[in-house]
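Q: Structure below; questions to follow.
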Amino acid sequence: MKKKFVSMLLATTTACTMLAGCGNDGQGAVSGSTQSLDGQAESGAEESQKGDGEYDLTLYTINSTDADFPDWLANVEGATGLKINVVAAPTDSDTRQQKITTILSTGDSSIDILEINDEMSASFKNAGWLEGLNDTVMTEDIRGEFPQGYVADMITDKDGQIIGVPGYSGYLAFWVNQEIMDEVGIASLDTKEDFLAYMEAVSGDGRYGYGGSWEKTYVFNEIAQFVNMFGGDYLDWTNPANKEAMEFLHEMLEKGYTPIDQIADKYEQMNPKFNDGKYGSLFMWGLGTDYDKAGMLGADKIHMAMVPQFSDQKYIFTDSWSYVLNTASQNKDAAIKFLQYMASEEGMKASYEAFDRYPARKDVAEKVVPDTDPSKEIYSRYANECVVKGRPMLPQTMEFISAMGTIFQSYMKDEITVDEFCAKAQEYVETYQ
């Protein structure tokens, strides 16, 4: 590995990061075949600097400023025989989404392949702007190796067409503090009963069994995770399991297993507190970069663990950025060839080695990720033992997330009842479809 793996949480000040699915953002020149679509992206100015020569396709990417991007591009061009023109995506997430929306909605054919995140997938997949890939790229033998729940939830359109190739897998992992577990004499957190026993044993004197990033635009991830763990459905708040999950979170608050002041906390506030021993467990994206920097990452300190099983199955979320094909592209044969390589074992290996992005295909991960990688064992278990899902998003993504976070905080502060919360949540599902 050329550098330490950093997952999708690289920028925590943008709306994309609020949802914890950002990946490596990038803008700028890489080689003679790279251009900037936006010029000075933050000011909104645009300029096109088409390089010399003819290209087989144009790629709009978030990775162009990565130090290893030129090597990756050379690998892809050598393996496919394609000459690729690269357009660097804006760094600012709002600017980037606006530009991608404009490209696709206006039928702009200047961009063939784009990288989009889950938020954009939710907004675009049923708009008719993206080419279906079932018969050309995500064929039955290939798509079976990707997380099935994620594929169904995030990149399958209303007609059953898969519209993207996931670039990596990044789990909302369950993390524990082994020092605290050893202190209270609890060896595992396999079941709801184990989890509650840990909560009770750990909590007290300013320490809590569980910590949550409950700021209103972040808590969406955890609400959905607990709803899944109880066997519920985040998009159906008439489901009794949803109410049970909410009551469980409220009860943890009442019993002092988790604190109310975390309604102001995003991930960047939670990680230092976790390092300091304030929490015994939490859900968090990434592979623990902040814990490693603090000297707290390790099997005897803070580490990933299997998700406790609260209902009939274990559940976990993954996210990704996906490569998609613009329906307006005039270079579809070349674009499909590019996507086939991205979905292949060789293509995923190249992305893993260049960008440290954990392979989305579980069969490829087993082969290319070294056994010395501490994430491999738990990621493999997540892929094989859990129902791996994509986060439940609606076309009006940010509005839905913010609204749900607001009423969650109101319920936790006893400003509304659980029944009022569920009724309002169902109203939001129907409003933001």
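Q: Condition check: touching an Asp or Glu at 6+ places or on another chain (Cβ under 6 Å), surrounded by fewer than 23 Cβ atoms within 10 Å (Cβ to Cβ) and not hydroxyl-bearing (Ser, Thr, Tyr). Does Glu145 satisfy that?
A: yes
Q: How many of the residues making up segment 350-374 are over 30 Å from Thr80 (Cα atoms) and either touching a strand residue (DSSP E or B) at 6+ places or on another chain (Cβ under 7 Å) or buried (at least 23 other Cβ atoms within 10 Å of the Cβ) (or both)?
A: Matching residues across segment 350-374 total 0.
Q: Further, regarding this structure: Considering segment 223-265 alone, what residues qualify as being within 23 Å of Ile180 (Cα to Cα) and crowded, with 19+ Cβ neighbours inside 10 Å?
A: Hits for segment 223-265 are Phe226, Leu249, Met252, Leu253, Tyr257, Thr258, Pro259, Gln262, Asp265.
Q: Just give me the residues in segment 286-303 being open to solvent by 30 Å² or more (accessible area, probe 1.4 Å), at pLDDT 95 or above and either touching a Leu at 6+ places or on another chain (Cβ under 8 Å) or among the hydroxyl-bearing types (Ser, Thr, Tyr) (or both), in sequence order.
A: The one that is open to solvent by 30 Å² or more (accessible area, probe 1.4 Å), at pLDDT 95 or above and either touching a Leu at 6+ places or on another chain (Cβ under 8 Å) or among the hydroxyl-bearing types (Ser, Thr, Tyr) (or both): His303.
Q: Please state which of the following conditions Gln433 fails to meet, knowing it meets all the rest: (1) farther than 25 Å from Tyr150 by Cα; (2) open to solvent by 60 Å² or more (accessible area, probe 1.4 Å); (3) in a loop (DSSP other than H, G, I, E, B); (4) not aromatic (Phe, Trp, Tyr).
A: Of everything listed in (1) farther than 25 Å from Tyr150 by Cα; (2) open to solvent by 60 Å² or more (accessible area, probe 1.4 Å); (3) in a loop (DSSP other than H, G, I, E, B); (4) not aromatic (Phe, Trp, Tyr), Gln433 misses just condition (1).
Q: Can you run down the residue pairs with Cβ atoms below 8 Å, 6 or more apart or on separate chains, where the first is in segment 384-404 and open to solvent by 20 Å² or more (accessible area, probe 1.4 Å) and the partner is assigned to a helix (DSSP H, G or I) and aromatic (Phe, Trp, Tyr)?
A: Going by the 8 Å Cβ cut-off, the qualifying pairs are Lys389/Tyr150; Met393/Phe400.
Q: Output the number of residues of segment 83-98 satisfying the condition of being in contact with an Asp or Glu (Cβ under 7 Å, 6 or more places away or on another chain), open to solvent by 40 Å² or more (accessible area, probe 1.4 Å) and not acidic (Asp, Glu).
A: 2
Q: Out of (1) open to solvent by 30 Å² or more (accessible area, probe 1.4 Å); (2) in contact with a Ser or Thr (Cβ under 8 Å, 6 or more places away or on another chain); (3) part of a helix (DSSP H, G or I); (4) farther than 27 Å from Tyr55 by Cβ, the odd one out for Ile336 is which?
A: Ile336 satisfies every listed condition except (4).
Q: When segment 390-414 is examined, which residues are found to be closer than 11 Å to Ala224 by Cβ and either hydroxyl-bearing (Ser, Thr, Tyr) or assigned to a loop (DSSP other than H, G, I, E, B) (or both)?
A: Hits for segment 390-414 are Gly390, Arg391, Pro392, Met393.
Q: With more than 25 Å from Ser64 (Cα to Cα) and of a type outside the set (A, V, I, L, M, F, W, C) as the only criterion, which of Asp118, Asp108, Asp159, Asp112 stands out?
A: Asp159
Q: Name the single residue, out of those in segment 148-157 being in contact with a Lys or Arg (Cβ under 8 Å, 6 or more places away or on another chain) and not hydrophobic (A, V, I, L, M, F, W, C), that is surrounded by the fewest Cβ atoms within 10 Å (Cβ to Cβ).
A: Taking the candidates together, the pick is Asp157.
Q: Can you pull out every residue in segment 269-285 that is without any contact (Cβ under 8 Å) to a residue 60 or more places away in the chain and either among the hydrophobic types (A, V, I, L, M, F, W, C) or open to solvent by less than 10 Å² (accessible area, probe 1.4 Å) (or both)?
A: Met270
Q: With a cut-off of at least 1 residues that are closer than 25 Å to Thr217 by Cβ and under 21 Å from the mean Cα position of the chain (by Cα), name the helices (runs of 4 or more DSSP H) lying wholly within segment 231-310.
A: 267-275, 289-293
Q: Is there a residue in segment 99-118 that is in contact with a Gly (Cβ under 7 Å, 6 or more places away or on another chain), open to solvent by 50 Å² or more (accessible area, probe 1.4 Å), part of a loop (DSSP other than H, G, I, E, B) and more than 13 Å from Phe338 (Cα to Cα)?
A: no
Q: Is it the case that segment 40-48 has a residue that's open to solvent by less than 50 Å² (accessible area, probe 1.4 Å), modelled with pLDDT of 50 or more and of a type outside the set (Asp, Glu)?
A: There is no residue in segment 40-48 that is open to solvent by less than 50 Å² (accessible area, probe 1.4 Å), modelled with pLDDT of 50 or more and of a type outside the set (Asp, Glu).
The values are calculated or read from the model by the stated rules, or taken from the named source; none is laboratory data. Everything quoted here is computed from the prediction, not taken from an experiment. FYI the Cβ positions are ideal-geometry reconstructions off the backbone, even for glycines, and counts take in every protein chain you see. Ligands, DNA and RNA are stripped out before the accessible areas are found, and what is left, the full protein with its side chains, is counted by its heavy atoms. Shrake-Rupley method; radii C 1.70, N 1.55, O 1.52, S 1.80 Å.
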